[in-house]
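Asker: Quick one: the structure is below, questions incoming.
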Amino acid sequence: MSAAHDDDGRSLGQLFASATADVSALVHDEIALVKVELRQDVKRALFGSGAIGVALTLAFFAMPMFSMAAAYGIHALGITLGWSFLIVAGAYVLIAALLGLVAYGRFKKVKKPERSIESAKQTAAVMKNAKPHPRPLDTATSLDKAAAKPALPRADRDAGRGVVRDSVSDAVPDSMTGSTRAPDLKM
């Protein structure tokens, strides 16, 4: 078996074409998977956004009613109406400030996606170091062997092996006793 073929009889070109097709199929499958996942996530996000929108609208319209109810409830305790509304407004400002601090603390904890970045760097490093040939080709030795050995015409080479050629260039045994036909391997 020649250095240009592997154990299955496929040439390096065929192996490279097969690897390229496999990588292309893998990339297309990954893209398809991302599209499916994103589509599902977008549907969930749209539904969640709609629900939040409705909830905020209802809360927006209910807030003045609760504010007035709280102010009149405080007024019923014996505090004047002006001070009652001021207490309710101060409570809202205090709640807003506390929620703002909580949100600020949460946003400070947001980090860049370090695992994804590291994984992408590792993948890039592997792809960068990938070589099309699993073993180095010794071109100088191959060229020296080819120059030292005179090339014989195909008919002379085949005659030395006891092979007769038919019109479609298939190798057929001289004895013609077997029904097997092996295609000629080009080197």
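Where a number appears in this text, it was derived from the coordinates with a stated rule and is not lab data. From a predicted model like this one, the values you see are computed outputs, not experimental measurements. All Cβ positions, even for glycine, are placed from backbone atoms using ideal geometry, and neighbour counts span all protein chains on display.
Asker: So what's the gap between the Cα centers of region 16-48 and region 72-102, to the nearest angstrom?
Answerer: One Cα centre to the other: 53 Å.
Asker: Let me confirm the definition first: pairs of Lys residues in region 31-136, 8 or more apart or on different chains, C-alpha distance under 22 Å. How many are there?
Answerer: The number of close lysine pairs in region 31-136 is 4.
Asker: So for the pair ARG10, ILE117, with labels modelled 7 Å out along Cα→Cβ, what separation do we get in nm?
Answerer: It works out to 3.9 nm between the two label points.
Asker: For the residue pair TYR72 and ARG39, what label-to-label distance in nm results when each label sits 7 Å from Cα along the Cα-to-beta-carbon direction?
Answerer: 5.4
Asker: Now a separate question. Only Lys, Arg, Asp and Glu count, each charged at its Cβ (+1, +1, -1, -1), so figure out the dipole size of region 1-132 about its Cα centre, rounded to 20 debye. It would help to have the intermediate numbers written out before the result.
Answerer: On the way: 14 positive and 10 negative charges, 127 e Å.
Using Cβ point charges on Lys, Arg, Asp and Glu, region 1-132 gives about 600 debye.
Asker: Turning to a different aspect of this structure: Please report the equivalent ellipsoid semi-axes of region 67-131, computed as sqrt(5 x eigenvalue) of the Cα gyration tensor, largest first, in whole Å.
Answerer: Over the Cα atoms of region 67-131, the semi-axes work out to 59, 8, 6 Å.
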